[in-house]
Amino acid sequence: MEEDYREFREKWERGTRDRECAIQLLYLAWMHWADPPFVTGMSDDPDALELWHQIYQWFGGEGSTDPEFLHVAGMMAHIFPWVLGPEDEWAATAKRLKSRSFELQPNGFTAEMFDGRGDYGRYFAHQARFRASN
């Protein structure tokens with residue numbers, strides 16, 4: 001993950017602002033606190049949280065029209081609201097993000113939508129499979 005993080009971060013810092021780079025980097029920045037370094041192999045980056053928020057705003061935050069972004073950002077915020085800011089605010093934001101994602105994409109998000117997209121894809125494909133089985 002560390003190598004991918006560095007690659008996507010370098011692209012972002014050089015001004016590459018395409019959707020796939022942004023969503024991959026959002027995930028990789030989040031992984032700095034979502035899983036411990038012995039799982040991710042990632043080095044500490046004190047700027048990861050600020051980067052996450054920057055990408056969140058680049059997508060438009062709650063006002064985004066990108067259902068996949070809303071879905072994954074909502075899930076990230078749901079799992080770790082206290083990392084992103086005031087816990088109550090981010091827990092409520094997570095609910096609104098997830099709700100809006102399903103307004104824009106009522107059929108939800110299948111595992112196949114995430115296939116072939118590296119660690120990001122594997123993580124959210126797993127989440128989609130889990131959701132489908134429950």
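Nothing in this text is a laboratory measurement; each read-out follows from the coordinates by a stated rule. Predicted, not measured: the structure shown is a model, and the values here were computed from it. Heads up, the Cβs are rebuilt from the backbone with ideal geometry, glycines too, and the neighbour counts pull from every protein chain shown.
Summary of computed values
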quantity: Residue 117/residue 88 FRET efficiency (R0 30 Å; Cβ-Cβ; nearest 0.05); calculated: 0.40
quantity: Ascending count of other beta-carbon atoms within 10 Å, so fewest first, for 14, 6; calculated: 14, 6
quantity: Inverse mean reciprocal Cα-Cα distance (Kirkwood Rh) of the chain, Å; calculated: 15.0
quantity: Cβ-based net charge around residue 108, under 14 Å, with every Lys or Arg adding one and every Asp or Glu removing one; calculated: +1
quantity: Length added when fully stretched, residue 17-residue 96, from 0.36 nm per residue minus Cα-Cα; calculated: 25.9 nm
quantity: Estimated vicinal HN-Hα couplings, Hz - region 94-111 in sequence order (Karplus 6.51, -1.76, 1.60; Gly, Pro = x); calculated: 4, 5, 5, 4, 5, 4, 5, 4, 7, 5, 7, 9, x, 7, x, 10, 8, 4
quantity: Two-site label geometry, residue 39 and residue 65: point separation in nm, points 7 Å out along Cα→Cβ; calculated: 3.6
